[in-house]
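**Student:** Provided herewith is a single structure, encoded as structure tokens, for subsequent inquiry.
The values are calculated or read from the model by the stated rules, or taken from the named source; none is laboratory data. Just so it is clear, the structure is predicted and the values come from calculations on it, not from any experiment. Glycine also receives a Cβ, built like all others from the backbone with ideal geometry; neighbour counts cover every protein chain displayed. Side chains are part of the model used for accessible areas, which takes the heavy atoms of the whole protein and leaves out ligands, DNA and RNA. Shrake-Rupley method; radii C 1.70, N 1.55, O 1.52, S 1.80 Å.
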Amino acid sequence: MKVLLLTIDAWRASHASFVPDAVGDHTPNLARLAEDGVVFTEGVSHGPATPYAFPSVFTSTLPLDHGGYERLSEDRTLVSEALSRAGWRSVGVHANPWLGEKYGYGRGYTEYRDVGEFGLPGLEPARQFLLDNFSLDHPVYRAAQYVYRYAQKPLRTVTGDAAEIEVAREALDSADDEAFVWTHLLEPHAPYTPPKRHREAVGVPAIEDSPAQLVTRAQHEPESFTEREREVVRGLYAASVRHADEKAGTLLESVDDDTLVIVTADHGEALFEHGQVGHEPNLHDELTHVPFLVRPPADVDVNTDTVDTQARHIDIAPTILDYADVDLPASYRGRSLRPAIEGDGLDDELAISEVASTPTEPGRLAPDALQVAVRTPERKLIYTNDGIEGYDRRDDPGERDPITEPTGEDWDALRAALDDRLAAIEIADTEATERDEDVQQRLRDLGYIE
């Protein structure tokens, strides 16, 4: 058996075609995969952005466990490490600067690649020159991007580097049994600049500004947008989701029937909900409710199409190890979803999401910025320094009407779980992990920092 874990950046549950009541048919390739698998309608991320979400995906621990998320502690066992100890070969490929080896994410992999936008050897100085002299949406910079991407495939024969889909396909095509492949797609992450064919398919209205300019302004001044401008931003995002699905479709061409496939998002994306565009730290469902799809190997009997039990990111690694017949590390908090996948059912478990960073210093631990949410499909509590708010998710799925005093037996279990988690969190007062200038610039490119 092989395993493919595909994670897609900033992908809302509302924009997955295989999720009930989805907005549009923007993921047809993944919807076809879902026909042979199981859709968990209540997928939950434990963090609202990449650096807060991925510790849970790979290590089945919560973001603020083991000293927090600035660097993955050796006390956390990555699923790649557990598989490696059992003799598996693992290949990981991404282009997100938060997921670098220096932060601990490369442990256990036979091959781990960061294929950043200008990641070919020798081209970073040229890229830096362009950034110093032209904006990201300037025609000169865009032309350089186009030339780079066009030239990338033949250059790969010399440099050994490639885009994330090509690396992942090669890993799947060349692997025998006991191979784990993880790849992460940056689309539909801001600044929402999908190819013209996808914009036309969605019907994005014409605008005077470039898409990148408009989206950047939306991230900084969402309250100033007219309804037409909001429609454009939402359309650009939907078109970017289509672009991600197109890439996913290419990757899936290399997936055979005997491969376990898990598809999810690291987190969602706000599109003007709660006064935000993007994913600055908050724990509302537009950021923590994510698509979650599992297609088991062909010899597994699937007796259901959808499961409404919460599927949490801490359940991903245990599920992989269960199918791989590898023991779970003692540090894992999650459980295998295999019983639900195979029709036996699972009881709901509470889902905790958390973050302790500010919008101005993403990824940095800031104890005074602690937020913790406890969620079930029916209800949710969110703790911030301003107090505790509750939401009845059945009557208020958009979490627009906070309950300021959520008390009574309906809330007792969530209250107890929140109290326990707040008592358990110890945010380490450690020196921040150093970021080199290349990482800083790539984070600026993605809109994380000024």
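**Student:** Determine the per residue accessible area of the range 292-403 with all protein chains present and a 1.4 angstrom probe, expressed in square angstrom.
**Tutor:** On the way: 4860 Å² over 112 residues.
Dividing the accessible area of the range 292-403 by its residue count gives 43 Å².
**Student:** Any idea what the dipole of the range 61-100 comes to, in debye rounded to 20, about its Cα centre with Lys/Arg Cβ at +1 and Asp/Glu Cβ at -1?
**Tutor:** 200
**Student:** Also, I was wondering about something else. Counting only protein heavy atoms and a 1.4 Å probe, tell me what percentage of the range 198-332's accessible area is made up of carbon and sulfur.
**Tutor:** The computed percentage sits at 40.
**Student:** Please give the contour-minus-distance gain from THR360 to ASP386: 0.36 nm per residue of separation, less the Cα-Cα distance, rounded to one decimal in nm.
**Tutor:** 7.5 nm
**Student:** Here's a follow-up. Could you sort the peptides 181-190, 392-401, 368-377 by per-residue average Cβ neighbour count (10 Å cutoff), highest mean leading? Present the calculation step by step, with values, prior to reporting the outcome.
**Tutor:** Working: 181-190: 24.9, 392-401: 13.0, 368-377: 19.9.
Highest to lowest by the protection proxy: 181-190, 368-377, 392-401.
**Student:** Additional query: Nothing charged except the Cβ atoms of Lys and Arg (+1) and of Asp and Glu (-1): what's the magnitude of the dipole of the range 285-364 about its Cα centre? Round to the nearest 20 debye.
**Tutor:** It comes to approximately 360 debye.
**Student:** Here's a follow-up. Pick out, from ILE314, PRO329, GLN371, the residue whose Cα sits farthest towards the positive end of the charge dipole of the range 303-377, with +1 on the Cβ of Lys and Arg and -1 on the Cβ of Asp and Glu.
**Tutor:** About the Cα centre, the residue reaching furthest to the positive side is GLN371.
**Student:** How long is the gain from ARG71 to ARG394 if the chain were fully straight, where each residue apart is worth 0.36 nm and the alpha carbon distance is subtracted?
**Tutor:** 112.6 nm
**Student:** Ignoring any ligand, DNA or RNA, what whole percent of the accessible area of the range 1-48 comes from carbon and sulfur when the probe is 1.4 angstrom?
**Tutor:** 45
**Student:** How much length, in nm to one decimal, is gained on full extension between ARG415 and THR110, taken as 0.36 nm per residue of separation minus their Cα-Cα distance?
**Tutor:** Values: separation 305, 0.36 × 305 = 109.80 nm, distance 4.31 nm.
Between ARG415 and THR110, full extension yields an extra 105.5 nm.
**Student:** Hey, another quick one. How much accessible area per residue does the range 219-258 have, in Å², with a 1.4 Å probe?
**Tutor:** Value for the range 219-258: 46 Å² per residue.
**Student:** May I ask you to give the solvent-accessible area per residue for the range 27-116, in square angstrom, as obtained with a 1.4 angstrom probe?
**Tutor:** Normalised by residue count, the accessible surface of the range 27-116 is 26 Å².
**Student:** I need the peptides 414-426, 168-180 ranked by packing, meaning the mean over residues of other C-beta atoms within 10 angstrom, with the highest value on top.
**Tutor:** For the peptides 414-426, 168-180, the packing ranking is 168-180, 414-426.
**Student:** Give the residue from ALA22, PRO97, GLY37 lying farthest towards the positive end of the charge dipole for the range 1-100; charges sit on Cβ (+1 for Lys and Arg, -1 for Asp and Glu) and the dipole is referred to the Cα centre.
**Tutor:** Going by the Cα projections, it comes out as PRO97.
**Student:** For labels at ASN303 and GLU223 in the simple 7 Å Cα→Cβ model, what's the distance in nm?
**Tutor:** Distance between label points: 5.4 nm.
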